[in-house]
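Following: one structure in structure tokens, then a few remarks.
The values are calculated or read from the model by the stated rules, or taken from the named source; none is laboratory data. It should be emphasised that the depicted structure is a prediction, and the values quoted were computed from it without experimental measurement. Here Cβ is always computed from backbone atoms with ideal geometry, including for glycine, and neighbour counts include all displayed protein chains. Just the protein is used for accessible areas: all its heavy atoms, side chains included, with ligands, DNA and RNA removed. Shrake-Rupley method; radii C 1.70, N 1.55, O 1.52, S 1.80 Å.
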Amino acid sequence: MPGSCCAGAADLTEKGAMLAAAQAGRFAELPIFDRAAECMPREQLRALQLEKLQRQVAYTYRNVPHYRAAMDELGVSPEDIRTLDDVRRLPFTDKTALRDTYPYGLFAVGLEDIIELHASSGTTGKPIVVGYTRDDMDVWSDCIARLVQMAGVVPGDIAQMAFGYGMFTGGFGLHYGLQKLGCAMIPAGSGNTERHISMIGDYGTTVLIATPSYAMHICEVGERMGFDWERSTLRVGLFGGEPCPPALKAEIESRMHIVCTDNYGLTEVMGPGVSGECLASRDQQHIAEDHFLWEVVDPETGEPVAEGEVGELVLTPLDKQGIPVLRYRTHDLTRVTCEPCACGRTHARMDKVRVRSDDMLIIRGTNVFPSQIEDVLAGIDEVTPHYHIIVETVGGMDALTVETEVRPDKMTDSFEQMDAMRRRIAEKLKGALLVGVNVRLVEPGGIERTMGKAKHIDDMRAR
């Protein structure tokens with residue numbers, strides 16, 4: 001299949017010049033969606049956060065019986081919030097509260113003021129339902145417009161949606177924000193990969209929105225079809241819905257000839273748009289601090305950790321009307337820095353989330369995180385970034401198996417060579433994880449590709 005009917009990515013258009021400026025470190029030349037908010041002096045930003053926090057706590061206490069009861073039990077009133085540190089006097093919130101009050105128990109307004117509902121899948125229990133007022137939708141689309149411009153998207157781009165449209169917040173959230181920036185949307189939705197590739201070529205798509213695992217699948221299918229990614233109009237990948245390991249990101253960028261960026265968000269606090277990656281700091285994401293108050297706490301004690309130390313991210317939305325949430329425990333582990341960024345934005349940056357406190361596997365008494373396995377496999381030339389973890393009970397003991405996909409040019413019919421590769425990978429994993437690992441080599445394409453979130457772990461012990 002030919003590349004594209006439109007001008008190739010190699011043409012030095014205004015958009016190409018913008019990316020060239022980023023690659024050369026000339027970040028002052030790059031556009032910023034809302035310079036007044038995103039470049040606000042930190043002292044002024046903190047004052048704005050306190051004003052909004054006080055107003056939000058009073059609003060929540062007045063309109064949500066669940067929070068009023070929880071605050072009364074702690075002996076805390078809205079008037080007690082005099083500084084930003086006083087947020088620690090408020091109760092934490094987790095998924096349990098949203099499930100226990102299903103569907104509308106945490107709503108602060110009547111349904112007549114809600115213009116859109118979204119929900120989680122509910123695969124682990126009752127779904128989490130969230131509602132948006134018109135003002136909530138304005139904030140949401142504003143946050144998305146900011147993060148996509150951080151990633152190099154500009155007005156006039158043609159954005160192709162490969163997220164599903166439904167109760168999931170990702171599809172509609174990115175759709176609204178990209179339109180607010182001034183982009184044309186192709187609402188292709190998930191599935192029918194060959195059709196996605198044809199649309200990129202036929203419509204001159206410049207931006208792809210997808211999970212990183214599905215973007216990799218689109219890349220591979222396109223290569224088999226003979227699609228010339230280097231000459232395509234596609235320029236930016238906006239990834240979300242699942243972590244994007246550095247090795248997978250680098251491979252997609254290399255093979256699709258695009259710039260890939262991650263964004264972060266949760267249904268419970270808004271959806272995508274809480275933070276986004278700028279082109280000056282590719283390993284971190286700016287938090288929309290004028291809309292979200294962040295904390296980083298010890299996941300065991302709930303006490304704050306020092307700035308720059310790793311802990312659990314806790315978020316308090318500062319403008320939410322439909323379903324206000326106080327101190328939501330994300331279970332995502334990260335660290336946050338307030339150091340200046342070369343892009344000019346003053347909002348704090350969080351490390352990209354690769355580890356969740358509840359993702360940890362305990363194997364024979366040893367803590368194992370999937371990100372550790374990703375990092376080991378990323379350093380092995382013979383395998384792709386695709387992997388699958390299986391945990392079983394064998395003979396009364398935990399058994400950990402890692403399936404990893406061999407690159408096509410590394411496959412061989414020699415059993416001895418393949419077994420030597422398998423044993424070498426197993427030794428590297430054991431050295432990093434401090435537990436024995438069974439390694440199973442899988443043929444190219446043998447690890448399942450998904451349109452949604454990739455499922456990396458099968459813990460058979462719980463079945």
Neighbourhood charge, 9 Å Cβ-Cβ cut-off, centred on CYS278 and excluding it, Lys, Arg +1 and Asp, Glu -1: +2
Structure-based [θ]222 nm, the chain - -39500 (n - 2.57) summed over DSSP H runs of at least 4, per residue, nearest 500: -10000 deg cm²/dmol
Most positive-pole-ward Cα, PRO340, VAL355, LEU326, against dipole of segment 315-355 from beta carbon charges: VAL355
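Can you send over the carbon and sulfur percentage of the accessible area for the chain, probe radius 1.4 Å, protein chains only? Could you put the intermediate results ahead of the total?
On the way: 9930 of 19820 Å².
Exposed carbon and sulfur together represent 50 percent of the surface.
Magnitude of the Cβ-charge dipole of segment 345-405, K/R +1 and D/E -1, about the Cα centre, nearest 20 debye?
On the way: 6 positive and 11 negative charges, 101 e Å.
Computed about the Cα centre, the dipole is about 480 debye.
Can you give the net charge of the other residues whose Cβ lies under 13 Å from the Cβ of VAL296, counting K and R as +1 and D and E as -1? Walk me through the numbers before you get to the answer.
On the way: positive: ARG88, ARG327, ARG329, ARG335, ARG349; negative: GLU295, ASP298, GLU303, GLU307, GLU309, GLU312, ASP332, ASP351.
That sum, taken over residues with Cβ under 13 Å, equals -3.
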5 angstrom amide H check on GLY271, placed H, neighbours 5+ away: LEU266
Cα lying deepest toward the dipole's positive end in the chain, options PRO65, THR366, LEU48, charges on Cβ: PRO65
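What are the trypsin sites (Lys or Arg not before Pro) within segment 265-358 that DSSP puts in a loop, where the Cβ has at most 16 other Cβ atoms within 10 Å?
Details: sites: ARG282, LYS320, ARG327, ARG329, ARG335, ARG345, ARG349, LYS352, ARG354, ARG356; in loops: ARG282, LYS320, ARG327, ARG335, ARG345, LYS352, ARG354.
Sparse-neighbourhood loop trypsin sites (Lys or Arg not before Pro): ARG282.
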Between segment 402-446 and segment 145-177, the alpha-carbon center distance in angstrom: 37 Å
Built amide H within the under 5 Å cut-off of CYS183, gap 5+: GLY156
Counting DSSP beta bridges with both ends in the chain, the antiparallel % (nearest 5): 65 percent
Qualifying chymotrypsin sites (Phe, Trp or Tyr not before Pro) for segment 149-192 [loop in DSSP, other Cβ within 10 Å: at most 15]: TYR165
Of the GluC sites (Glu not before Pro) in segment 275-326, those whose Cβ has at most 12 other Cβ within 10 Å and which sit in DSSP loop: GLU300, GLU307, GLU309
For segment 243-353, accessible area per residue (1.4 Å probe, heavy atoms of protein chains only), Å²: 29 Å²
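Please get the size of the charge dipole for the chain, origin at its Cα centre, with Cβ charges of +1 on Lys and Arg and -1 on Asp and Glu, quoted in debye to the nearest 20.
On the way: 48 positive and 68 negative charges, 41 e Å.
Magnitude of the dipole: close to 200 debye.
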Among LEU98, GLY276, GLY189 the positive-end extreme of the charge dipole of the chain (Cβ point charges): GLY189
Label of the coordinate-derived value, Cα Rg over 2.2 N^0.38 Å, listed as (i) 1.29; (ii) 0.97; (iii) 1.01: (iii)
For segment 226-349: rounded, prolate or oblate by the Cα gyration tensor [a/c cutoff 1.5]: prolate
Positive minus negative residues near PRO340 (Lys, Arg vs Asp, Glu; Cβ under 11 Å): +2
